[in-house]
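These notes are about the structure you will find just below.
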Amino acid sequence: MTTTDRFASREELRRQIREFVSSNAPPTMRGLDYAKRITQMRDWAATLYDNGFAGPAWPHEYGGMQLSLAEQVVYHDELAKHSVPAHPGNGPSIAGPTLLRFGTPEQRRRYLPPMLRGDEVWAQGFSEPSAGSDLQSLTTSARLDGDDYVVRGSKLWSTYADVADFMFALVRTGDRGSGAHGISYLLIDLRRDGVTVRPLRDMSGGSRFCEVFLDDVRVPVANRVGPENGGWQLARSTLGFERAARSLSHASSYRRRMDHLITLLRARGVLGDVVARDRLARCESAVRILAFNAARTALAFEMAIETTGSPGPSASVARLFQSQLEQTFYETAVDLLGPDALLRSGERAIEGGRWAAGYLHSRGATIGAGTAEIQRNTIADQILELPRFDATRGQSS
């Protein structure tokens, strides 16, 4: 079945999504503890998959909808209006596109359907305690032993790793000093012996991030994606997928958050102040720019995949702008809502403390998925083609 067979127009797609949500009410996430939130997220992922509304950009073969870019915009916009739960883990948005592009037929058949349905949750294993932004210096080793790699090391900032079944990870299969040329890309079963996961609590009170310890974990060679020592290209593509694939959903999400904030401020009588309206207007402008840029990024993403097989550097523009908007949005919100917005609990806390939690969590927005500095370097080098600075000579080259 092709996309046009099912959806004669974008309005037909919108109508079917509305009917689906009306018949399958999304679960309410507010106020739930961590374990219940994960359960609800997995259940909603299964509901989407079972009803044919999962994986808007994925091929039909693996349970996706195979929508065009314009239809994906409609999809994310419509679902955002209903505050549906996010998919648990980093599977469909990051690992999935990488497997679709670089995985073997066997790997795609084995991992993609349960990933999209939420039956198996995935975490990312890139950063390490001594290798965050400088991924090429990672030290987690993978030693070949028969038909397995024996993996030893640790990974840091792995979102939802404490509830994940698998982790897509970068490991060093080359010599210690081999840099980017000695890195491989492995799919690691986190339920295997030798895996220890330790949640990390951030200043917002959440513990979505984890540290993962790998103590001689055996990983089949069949779980390597791409050639041995060829993982760096996959890593770059994976990060590009992460930045590009989420741009549309982020744009729709901030449209919903902005509309809610405006309603809340109006109800509290804040918008009578001209300074407050000016700050809110600036934030509204940024939200609209985010939507336009997300559509442009998604289009560039599709074109780059067709021509080069990788997302391309334009994804860095979307990621940089979104991370800055996240901080600006929550700064504006807590300033205009007043002191009660900084309370995490108690009767005076606004909406259960969600604004304080959002503000604290936004502090890390310019670090996750590649720091703002890395995004600027990518934009300067690969898009603007600015000359590089030679630190040894003190001049541009």
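The values are calculated or read from the model by the stated rules, or taken from the named source; none is laboratory data. None of these values were measured; they are calculated from a predicted model. Note: ideal-geometry Cβ built from the backbone for every residue, glycine included; neighbour counts use all protein chains shown. Ligands, DNA and RNA are excluded from the accessible area calculation, which covers all protein heavy atoms including side chains. Shrake-Rupley method; radii C 1.70, N 1.55, O 1.52, S 1.80 Å.
Observations, loosely collected:
- Within region 165-184, the only residue that satisfies the criterion of being farther than 18 Å from S127 by Cβ, of a type in the set (G, A, S) and surrounded by 16 or more Cβ atoms within 10 Å (Cβ to Cβ) is G174.
- Test: A86 is closer than 18 Å to D43 by Cα and either acidic (D, E) or open to solvent by 30 Å² or more (accessible area, probe 1.4 Å) (or both): yes
Residue-by-condition table, conditions (1) farther than 30 Å from R344 by Cα; (2) among the aliphatic types (A, V, I, L, M); (3) open to solvent by 60 Å² or more (accessible area, probe 1.4 Å); (4) touching a His at 6+ places or on another chain (Cβ under 7 Å):
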{"position": "D145", "(1), (2), (3), (4)": "yes, no, yes, no"}
{"position": "S154", "(1), (2), (3), (4)": "yes, no, no, no"}
{"position": "V163", "(1), (2), (3), (4)": "no, yes, no, no"}
{"position": "I188", "(1), (2), (3), (4)": "yes, yes, no, no"}
{"position": "L200", "(1), (2), (3), (4)": "no, yes, no, no"}
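- Subset tally (residues that are open to solvent by 10 Å² or more (accessible area, probe 1.4 Å) and under 24 Å from P27 (Cα atoms)) for region 90-100: 3
- Residues in region 259-276 that are among the acidic types (D, E) and part of a helix (DSSP H, G or I): D259 only.
- Region 105-125, residues that are touching a strand residue (DSSP E or B) at 6+ places or on another chain (Cβ under 8 Å) and closer than 18 Å to T238 by Cα: Q107, Y111, M115, V121, W122, A123, Q124, G125
- Residue ID - most open to solvent (accessible area, probe 1.4 Å), chosen from residues in region 129-143 that are touching a residue at least 12 places away in the same chain (Cβ under 8 Å), outside any helix (DSSP H, G or I) and within 20 Å of A372 (Cβ to Cβ): S133
- Residue match in region 54-61 (condition: at pLDDT 85 or above, open to solvent by less than 40 Å² (accessible area, probe 1.4 Å) and in a helix (DSSP H, G or I)): no
- Residue within region 14-37 that is open to solvent by less than 50 Å² (accessible area, probe 1.4 Å), at pLDDT below 90 and among the aliphatic types (A, V, I, L, M) present: yes
- Residue satisfying condition, being under 21 Å from the mean Cα position of the chain (by Cα) and closer than 22 Å to L99 by Cα, within set A180, A164: A164
- When residues of region 81-128 are limited to those that are hydrophobic (A, V, I, L, M, F, W, C) and in a helix (DSSP H, G or I), the one nearest to V163 (Cα to Cα): M115
- Qualifying residue in region 65-80 (condition: at pLDDT 90 or above, aliphatic (A, V, I, L, M) and open to solvent by 40 Å² or more (accessible area, probe 1.4 Å)): no
- Within region 5-41, the residues that satisfy the criterion of being among the aliphatic types (A, V, I, L, M), part of a loop (DSSP other than H, G, I, E, B) and within 27 Å of G89 (Cα to Cα) are A25, M29, L32.
- Single residue of region 348-376 satisfying the filter (at pLDDT below 80 and more than 30 Å from H260 (Cβ to Cβ)) that is most open to solvent (accessible area, probe 1.4 Å): E373
- Options R256, R279, R288; residue that is at pLDDT 90 or above, open to solvent by 50 Å² or more (accessible area, probe 1.4 Å), in contact with a helix residue (DSSP H, G or I) (Cβ under 7 Å, 6 or more places away or on another chain) and in a helix (DSSP H, G or I): R279
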